[in-house]
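The values are calculated or read from the model by the stated rules, or taken from the named source; none is laboratory data. Because the structure is predicted, anything quoted here is derived from the model rather than measured. Glycine also receives a Cβ, built like all others from the backbone with ideal geometry; neighbour counts cover every protein chain displayed.
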Amino acid sequence: MSGVLEGVKVLDFGRYIAGPFCGALLADYGAEVIRIERVNGSEDRYVTPVSEDGQGAMFLQLNRNKLGLTLNPTKEKGQEIVKKLVQKSDIVIANLPEQTLKSMGLDYEELKEINPGIILTSNTAFGTTGPYAERVGFDGVAQAMSGAMDMTGEPEQPTKAYAPYVDFCSASLAAFGTLLAYLEKQKTGKGQRVQTSLLQTALTTTNSLLIEQEILNINRVASLNRAQTSGPSDTFKTKDGWILVQTVGGPLFERWVNLMGEKDWLEDKRFKDDLSRGENGHLISERMSEWCAERTSKEAIMELEGSRIPVGEVLKASETLQEEHILKKGSFVKLNYPTMDKEYSVVGPAVELSENPGVIKSRSPQLGEHNEEILSGLGYSQDEITQLKSERII
């Protein structure tokens, strides 16, 4: 069965997460994506190295299903290759600063002169307008400025989330915007520019906090894992580990109260609604902590599940890799890399389609692995390819 995006051609000049994961999402559903790197390899290829030759865990995850091309687009012959690629492509992904796009000949004005139907999808730290348009930044900077870090951890120590959720959300939004632009192109024949920014994505995730602050001037402070607008919602230590319980709404609270044997709490004004339960969450968490301390994680989870209360065990990475449900659901796809002795687990497509599901067919490419295949497809002879390599164009 052909993928939904079969026939769509994408050039991925991305780096790190926000660009490459956008490309991976398109590739999982059939698009032909060429990951273009520096001649010596992009910096994100070597982040969190896991092999003897330095291949990074992030690169192995985010560049599956792609072809690999090395290229120096700042040299004249490199720019010629870019133009030929753009002429045959539908989409260019480049999460690069605006000035870098221009220096590489990848700004939208130049691209549409080559191919009026091209779609340029770019992600920046702060957007291309406003006082910070030229500033650079990563996921953590956006977390810090959105209010998220201030509400994570404890008041004396703002804490960044370990998982770079802003990057992954930005990439997902970029893929969504790219598909919207592609649908529009089917109607008009014209391309357009699609933009996301890390800060805009981060603000999206904290928007309800910001609305509450704007209207009520409430000035919330961090409370570790305990929620402030519902309860019980916190992490709890058991005899042999930790669990997280998360409830919202009256019905869930009532089921929890019945499990705890505290039915009189249903008439207690301190717990009359979600907001009240959040404001008095320390009392709820204290009661839940006493209950959990008498049980193993497995015992607590079984009883909570019996009352249909959302609960999950706090797992270490080694435990997540062996978690029964994750394995039986088939969440991981096992891949091999030429310079590694062990298989590694890449999470399969998170969007499940019943008719044309996404598929991880191939591992991330080695550096320049498909140079000859791609360039010969553009009409370059073997001698020309050899010359380009000697000149460090590829």
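Some observations on this one:
- Failed item, numbered, when R35 is tested on (1) crowded, with 19+ Cβ neighbours inside 10 Å; (2) in a loop (DSSP other than H, G, I, E, B); (3) among the charged types (D, E, K, R): (2)
- Selection from the range 1-60 of residues that are under 29 Å from E355 (Cα atoms), at pLDDT below 95 and of a type outside the set (S, T, Y): M1, G3
- Residue within the range 173-189 that is farther than 30 Å from K316 by Cα, assigned to a loop (DSSP other than H, G, I, E, B) and either modelled with pLDDT of 95 or more or over 21 Å from the mean Cα position of the chain (by Cα) (or both) present: yes
- If the condition is being farther than 24 Å from M340 by Cβ, among the acidic types (D, E) and in contact (Cβ under 8 Å) with a residue 24 or more places away in the chain, then the range 360-394 contributes only E391.
- For the range 210-268, a residue qualifies if it is more than 20 Å from P310 (Cβ to Cβ) and polar (S, T, N, Q), and the qualifying residues are Q213, N217, N219.
- Picking from residues in the range 241-256 that are free of Cβ contacts under 8 Å to residues at least 40 places away in the same chain and in a loop (DSSP other than H, G, I, E, B), the one that is farthest from the chain's Cα centre (by Cα) is G249.
- Output for the range 204-240, where each listed residue is in a helix (DSSP H, G or I) and surrounded by 18 or more Cβ atoms within 10 Å (Cβ to Cβ): L209
- Of all residues in the range 125-183, those satisfying the criterion of being surrounded by fewer than 19 Cβ atoms within 10 Å (Cβ to Cβ) and among the hydroxyl-bearing types (S, T, Y) are T128, T129, Y132, T152, T159, Y162, Y165, S172.
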